[in-house]
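K.L.:
Pasting a structure below so you can have a look.
The values are calculated or read from the model by the stated rules, or taken from the named source; none is laboratory data. None of the values given here were measured: they were computed from a predicted structure. Cβ placement follows ideal geometry from the backbone for every residue including glycine, while neighbour counts extend to all protein chains displayed.
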Amino acid sequence: MVRRVVRIVVSAALTVAGAVGLVLLMMALAPGDPIDLIPGGEAIRPQLEAEWGLDQPLVVRWLQTLGRMARGDLGTSISYRPGAPVLEVIGAASVRSLGWLLAALLLAATQSVALAWYTAGRSSWIRGLLRWVSVAPVFLLAHLSVHSINTITFWGMNLSYWGRPEWFALPDQPSSVRAVLAVVLLAVGSGAVTELHLEVESALTRIRASGYVDAARARGSSTFRLVAWNLLPPLASLLANRAAFFAGGLVVLERVLLLNGAGSILWQSALSHDYPVAMGVALLAAIWVAGARSLADFTRTAVDPRMRESASW
Amino acid sequence: MLNALLGFALTIGTAQAGSLRYAEDHAPAIVNPLFSTTMSEARLNELVFEGLFSDDRELRSAPRLAQRIELAEDKLSATLWLKDGLHWHDGKPVVPDDVVFTINAMKNRYTASTEGARVTWIDKVEKVDENSVIMYFTGPEVAPQDKLHFKILPAHRFDGTTVKRSDPFRTKPIGTGPWVMMSFNDDNSVSLQQNSFSPSSPKISEVVMREVSDKNYQAKLLIYQSLEALVRVLPRDLAALQNDRRIELYPYQTNSWWYVGFNQKDARLKYVRVRRAISLMTDVPNLLAPIGTGDTLTGPFVRSSPYYNHKVSAWPHAPDAAADLLVEAGYTFNGRHWMGSDGKELSIRIATLQNLETAQDVVINMQSQLQNRGITVEVDFLTIAEWKERVWRRKDFDLVLSQWSFDRNEDVYEHFHSKGARNFVGYSNENVDKLLEDARLADDPQLKKNLLREVHAIVHNDLPMRFLWTLDSYSALSVKVKNVEIHPFYFFTWTPDWSVE
């Protein structure tokens, strides 16, 4: 068990180090640097390179960044919010994004389990419908939703069917409607609902047909808790796999819906070559993905006795 | 907190006169005029800061923080007196040290101010007494007030003239302008409150800049009355906004022109025949038509400029003459492509900025025009960082499509002088250098006009750039906003007179 925990922790640490290195590499390979974006910056390039650590080889910068991160120091922003500590820049935004991601995962899990519980073992039109609803990518769904909601609301306002809602017009007015929309679209779009539904349905069918469920049924006891308990490991794995997709989708949704979360900051800091901020967000994204995977591993280990046996072996 | 309390103190007791919400593509990262790089920053600076002089409605320099200026007889220095009773937003008085600090900070190379070029003509500045400063110039100046429009900063908020972009001032700016910066908000919007002690007595109580990065939404939000002002309307949105009775369109003619620049370090494009051939193959009105309306140009000034040389005729669209020029330059046409003497196809790359509105349409149209005439064209859409690296640093381009914007001085020295900082195309002509130097020193407006008109004629012929057009450009405002007059460059200069019903 201890060995398994160590393995999970090491795997998570490697994911984080790899993600930070990958973002650093991608930004270094992209044409230009933050000094290029400063008019007249060329005149003081050596000074700025030394100040921002750009004069160091990439590997050194990566190791320095990891070292700083291990001490809880994410550095200071160089171009997105010049001079501001990265933690201050991304702190509140990251908490918001984390909330939206967790809400989206919870919604995705609930809807897929509820639908799969109904459709498993049946021929249902719901599968076809889900495929149609879920086929569009999240950015397209977001644009369509915003346009439709605004058009219908404005039409009703002009005809005096209703007054001007506080959240109108999307996505400009700050309101919780934008966040709710983001959560729903993440849980539904880019194939999320179809994929999760089919996987959960398949797991559910397998569990319902298993010997231990048959035995419980033969004893006349309720199978609900048994099925639900055994559904946890595959569901945890599915959601852990989906966590990274959701994080990617949220970056796009935050831009479209003008939500100021970590994804939006990542986008803008990458455009402005703000390495510390981009790597700070990358670190959080990696922690999110690694955390989700670790949690799935722990869930599987805790629920499935076979996993515990293999771990102790 | 202090800012909030101060803002409250400044606004308390004043009538709430509505709020003005306007959209920008990107929220500014820095609100410090020393580091202004984008028009959105320049517009925000206009609300928060003031210069010694600013444009009046006839676009003449009128005193703002300055009371008056007296030019020495030799025109090599001037004494400037500040108005009495001026205060910064934090309540401290405006003093000559602020003027001295601002100019020295702009000149300090370690500050790397983007506005440094605006004060190169000032050799040094000294405080004379508690109300005046004296400026010494590098050469004779006729109308220094025309160059003293840059924003003045409070010396007491900085430790020295080496100012970093990361200075906390960037989000807590203190100016003397008609609005006080209150907060940078979580959604990247910026809120400003009326400075009721401002001599310009702004009528609007609150101004909010909203970041709406998707241009497709901006016009919609104005129609939905979520905004009161849209700084620049996309040509495709003009009709919809024009037909909405709740919206009024206003011309917003920035002093800017589009061009195609030729890299004269390129072995093929250094020959004027090749540049002329490409120009003659290009049908400029046809490039302009799909993206809007405007005036086609023959030189580096807008048509309304006193320096525009109306005697210069535009390059015609003459593909046959272009073919003759290419033959003279040693190229042969094989029925499909123009081939060089080295046996290679004449192939060029046109680069433009990804975020330059409608530039992609123009480049693709131009690619089609040139390819139809046998020149192979590749197009590159570059991010700002790629643009800086490839075009400015490595000079790795053949043709570029872009635009230049100018303030009231329309100084093209940096663009066409062989040592000009913005002459990235590598243009060099001794005559032009001399004319530009003389124009900078000319104390007679008529002489300056004649010199720059001559520059216009020469660069038209030399073709370091193919001058294209100035685009008709519009702002849109809700009809609730009254007394609207828009400054042709800074947009908000005359906003204190606006009101919102």
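K.L.:
I want to confirm something. Restricting to segment B:113-161 and keeping residues that are among the polar types (S, T, N, Q) and within 14 Å of chain A (Cβ to nearest Cβ), which single residue is surrounded by the most Cβ atoms within 10 Å (Cβ to Cβ)?
P.N.:
The residue in question is B:SER113.
K.L.:
Residues in segment A:133-140: is at least one in contact with a helix residue (DSSP H, G or I) (Cβ under 9 Å, 6 or more places away or on another chain), surrounded by 15 or more Cβ atoms within 10 Å (Cβ to Cβ) and within 23 Å of B:ASP187 (Cβ to Cβ)?
P.N.:
yes
K.L.:
Condition check: surrounded by 16 or more Cβ atoms within 10 Å (Cβ to Cβ), part of a helix (DSSP H, G or I) and free of Cβ contacts under 8 Å to residues at least 12 places away in the same chain. Does A:ALA247 satisfy that?
P.N.:
no
K.L.:
Within segment B:424-444, take every residue that is in a loop (DSSP other than H, G, I, E, B) and touching a residue at least 40 places away in the same chain (Cβ under 8 Å) and give me the one that is surrounded by the most Cβ atoms within 10 Å (Cβ to Cβ).
P.N.:
Within segment B:424-444, the subset in a loop (DSSP other than H, G, I, E, B) is B:424-429, B:442-444.
Next, only the ones that are touching a residue at least 40 places away in the same chain (Cβ under 8 Å) stay: B:424-428, B:442-444.
Details: B:PHE424: 18, B:VAL425: 23, B:GLY426: 16, B:TYR427: 21, B:SER428: 16, B:ALA442: 18, B:ASP443: 12, B:ASP444: 10.
By that ranking, first place goes to B:VAL425.
K.L.:
Please count how many residues of segment B:195-212 are of a type in the set (Asp, Glu) and more than 10 Å from chain A (Cβ to nearest Cβ). Walk me through it before giving the result.
P.N.:
From segment B:195-212, those of a type in the set (Asp, Glu) are B:206, B:211; that's our starting set.
Then drop every residue that is not more than 10 Å from chain A (Cβ to nearest Cβ), which leaves B:206.
The total comes to 1.
K.L.:
Please find, within segment B:26-39, the residue that is farthest from the other protein chains (Cβ to nearest Cβ) out of those that are surrounded by 22 or more Cβ atoms within 10 Å (Cβ to Cβ) and not aliphatic (A, V, I, L, M).
P.N.:
Filtering first and then ranking leaves B:PRO33.
K.L.:
Sort out which residues of segment A:153-172 are surrounded by fewer than 19 Cβ atoms within 10 Å (Cβ to Cβ) and within 12 Å of chain B (Cβ to nearest Cβ), and write them in order of number.
P.N.:
The answer is A:PHE154, A:TRP155, A:MET157, A:ASN158, A:ARG164, A:PRO165, A:GLU166, A:TRP167.
K.L.:
Select from segment B:162-194 the residues that are within 30 Å of B:LYS107 (Cα to Cα), more than 14 Å from chain A (Cβ to nearest Cβ) and over 25 Å from the mean Cα position of the chain (by Cα) and list them in ascending order. Don't jump to the end; show me each part of the working.
P.N.:
Pass one, segment B:162-194, residues within 30 Å of B:LYS107 (Cα to Cα): B:162-184, B:190, B:192.
Still in the running and more than 14 Å from chain A (Cβ to nearest Cβ): B:174-182, B:192.
Within segment B:162-194, B:MET182 is the sole residue that qualifies.
K.L.:
One residue is enough: does segment B:213-233 have a residue meeting the conditions part of a helix (DSSP H, G or I), more than 14 Å from chain A (Cβ to nearest Cβ) and under 23 Å from the mean Cα position of the chain (by Cα)? Before the answer, list the steps.
P.N.:
Let us first name the residues in segment B:213-233 that are part of a helix (DSSP H, G or I), namely B:215-223.
Narrowing further to those that are more than 14 Å from chain A (Cβ to nearest Cβ): none.
Scanning segment B:213-233, I find no residue that is part of a helix (DSSP H, G or I), more than 14 Å from chain A (Cβ to nearest Cβ) and under 23 Å from the mean Cα position of the chain (by Cα), so the answer is no.
K.L.:
Determine which single condition A:GLY220 fails, assuming it passes every other condition in (1) touching a helix residue (DSSP H, G or I) at 6+ places or on another chain (Cβ under 9 Å); (2) assigned to a loop (DSSP other than H, G, I, E, B).
P.N.:
It is condition (1) that A:GLY220 fails.
K.L.:
Considering B:ALA267, B:ALA289, which residue is surrounded by fewer than 18 Cβ atoms within 10 Å (Cβ to Cβ), assigned by TED's automatic domain parsing to the domain that holds B:SER418 and not in a loop (DSSP other than H, G, I, E, B)?
P.N.:
Just one listed residue meets the conditions, B:ALA289.
K.L.:
For segment B:397-416, check the following and say yes or no: at least one residue is within 13 Å of chain A (Cβ to nearest Cβ) and assigned to a loop (DSSP other than H, G, I, E, B).
P.N.:
Yes, segment B:397-416 contains at least one residue that is within 13 Å of chain A (Cβ to nearest Cβ) and assigned to a loop (DSSP other than H, G, I, E, B).
A quick yes/no check of all residues on (1) buried (at least 18 other Cβ atoms within 10 Å of the Cβ); (2) not in a helix (DSSP H, G or I):
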position	(1), (2)
A:LEU63	no, no
A:GLY72	no, yes
A:ILE78	yes, yes
A:GLY91	no, no
A:ALA114	no, no
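K.L.:
Considering every residue within segment B:86-98, establish whether at least one is within 30 Å of A:GLU51 (Cα to Cα), in contact (Cβ under 8 Å) with a residue 12 or more places away in the chain and either in contact with a Phe, Trp or Tyr (Cβ under 9 Å, 6 or more places away or on another chain) or in a loop (DSSP other than H, G, I, E, B) (or both).
P.N.:
Yes: one or more hits.
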